[in-house]
Amino acid sequence: MKPSLLPHAFTPFAPTKVYAARRATLAAQLGPKGIAVLPTAPEQQRNRDADFLYRFDSYFQYLSGFTEPKAWLVITGTGKTILFCQPKDTEREIWDGYRLGPDAAPSALGVDEAYSVTEMDARMAQLLDGCDAVWYPFATHKGLDARITAWLQPLRDRVRYGALCPAAQRDVCVPLDEMRLIKDAYEQDTMRRAGAISAGAHIRAMQLSARMLREGKAVREYHLDAELLHEFRLHGSQCPAYGSIVAAGANACVLHYRADAGAVRNGELVLIDAGCELDGYASDITRTFPANGVFSGPQRSLYELVLDSQKAAIAATRAGARFTDPHDATVKVLAQGMLDLGLLDKNKVGNLHDVIEKRAYFQFYMHRTGHWLGMDVHDCGAYTEPSEIGKASTRLDALTGEKIVSRPARVLRSGMVLTIEPGIYVRPAPGVPEQFHHIGIRIEDDAIVTDTGCELISRGVPVEMDAIEALMRA
């Protein structure tokens, strides 16, 4: 007998009970007569006859576990879940790949009902009738507002015959952002695995750089980028979580530089900011290392400063602290170091308090120390404390003179995941010591907040200088 040519059945990344529990949590917040409608992401055309690699919508996948395009999820306030997806089509599946189909979806995904997406417009009026609010993601899907309006209009036209049209439209991202901000055990485990894969990729890139230079070969940024991609896919990652930054020499002073053809030279540093995506979850690691495996004196001085600032930020990251506490700890260490190393002239900028108050450090450190991490590399979730939104204050920005409205920062809770990524970027400028010119350093790790501190899930690749040098000699 010939082996079956049929593909394996679709399997979600997590057990179906994980997604069912999330849907139940959301349904409880919709109200008994509420209804939520969520589309997945559309396919994106790359050029004439090719699409970009497909990536599902994070909200949709978080609730369904379904990875196919052209799908919608409907959740009612009573907890019923309906999936609309592409119908089975033998001819199209030959070209585009296996489809789960409506018949198999309930058992594979744990949803209550499933229909062809071609039936959606006809069925939505019935589903919306009697609801008091329709929830959908605001400002995230082009044309979605118009689609909702088109479903509601026939109901409005039939109110005289007893139809009940939802009177309110609400942003489903509001409750979902709060849900996604706290990672459950499954999510944390996935992110640990993603961090381990990405750490291994950074190690490969470090070692390749030193080895090629020892062998007298010309090294380019794309050589190191290739090592990252190889390691990601070798260990099951579906894709990079974002465009990898591989910046050699002065390129490291460009915050969002992309891996290109720049030369990796003896005596210069390389900054790599790269992480894989695994089963829908991102990792985000940055390491800065000497291309040849040996830090010079000025490089050591700046690297030690950035590492000390990261250690201060890590110590400030724990449940009960504020989201801004790690950044404040970082700035304090960096600002003092800039004064000590002569990057900032004490006679011009004053003491540590003055540097922080006037944001004089901004010349060399111009970004925040972290962001939420999860299904999106800059994950969803408010950075202000919801219970304290009314406690607003205003101040004038020291650099721009603009009025800034400040609200209390988010209180960290166990299960939140954030990056901790201080840096320093020294461009040539009057008064800046020449030995530091064109040095860019960033050290970034991924941290799960715990009751007693935080768990660093990306330390499979070292950060201490001696450990990095030993690794690159191997």
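Read the figures in this text as sums done on the coordinates, not as results from a lab. Everything numeric here is computed off the predicted structure, so don't read it as measured data. Here the Cβ is made from the backbone with ideal geometry for all residues, glycine too, and neighbour counts use every protein chain on show.
Provide, for the range 16-172, the number of lysine pairs with alpha carbons under 15 Å apart, each pair being eight or more places apart or on different chains.
Lysine pairs meeting the criterion: 4.
Can you give me the C-alpha center-to-center distance between the range 406-474 and the range 97-137, rounded to a whole angstrom?
44 Å
With a sphere of radius 13 Å drawn around the Cβ of N292, what net charge do the other residues whose Cβ falls strictly inside it have (Lys, Arg +1; Asp, Glu -1)?
+2
Starting from the amide H of H371, placed 1.01 Å from N in the peptide plane, find each other amide H under 5 Å away whose residue is 5 or more places distant or on another chain.
When sequence neighbours closer than 5 places are left aside, the close amide H contacts are T419.
Quick one: Cα centre-to-centre distance for the range 258-286 and the range 181-219, in angstrom?
Cα centroid of the range 258-286 versus Cα centroid of the range 181-219: 9 Å apart.
Of all GluC sites (Glu not before Pro) in the range 209-310, which ones are in loop regions per DSSP and have a Cβ with at most 11 other Cβ atoms within 10 Å?
Listed in order of number, the matching sites are E215.
Note down the net charge around F138, summing +1 for each Lys or Arg and -1 for each Asp or Glu among other residues with Cβ under 10 Å from its Cβ.
-1
Exactly which trypsin sites (Lys or Arg not before Pro) in the range 223-304 are in a DSSP loop and have at most 15 other Cβ atoms within 10 Å?
Passing sites in the range 223-304 are R258, R265.
Counting other beta carbons within 10 Å of each residue's own, what order do L30, L307 fall into, fewest first?
By the 10 Å Cβ count, ascending, the order reads L307, L30.
Using per-residue counts of other Cβ atoms within 10 Å, averaged over each peptide, order 428-438, 123-133, 444-454 from highest down.
Most protected by this proxy first, the peptides run 444-454, 123-133, 428-438.
Excluding same-chain pairs closer than 8 in sequence, count the lysine pairs in the range 182-473 whose Cα atoms lie under 14 Å apart.
Pairs that pass both the separation and distance tests number 4.
Pick out, in residue order, every one of the chymotrypsin sites (Phe, Trp or Tyr not before Pro) in the range 355-422 that is DSSP loop and has at most 15 other C-beta atoms within 10 Å; say none if there are none.
Passing both the DSSP loop test and the Cβ count: Y383.
With only alpha-carbon atoms in the gyration tensor, what are the semi-axes of the equivalent ellipsoid for the range 16-172, in Å, largest first?
Taking √(5λ) for each eigenvalue gives 27, 18, 15 Å, largest first.
Per DSSP H run of n ≥ 4, the term is -39500 (n - 2.57); total these for the chain, divide by its residue number, and report the mean residue ellipticity at 222 nm rounded to 500 deg cm²/dmol.
Value at 222 nm, helices only, nearest 500: -11000 deg cm²/dmol.
By the scheme Lys and Arg +1, Asp and Glu -1, what is the net charge of all other residues having a beta-carbon under 9 Å from that of Y54?
-2
Could you give the radius of gyration (one decimal) and Dmax (whole number) of the Cα atoms in the chain, in Å?
Radius of gyration, then largest Cα-Cα span, for the chain: 25.6, 86 Å.
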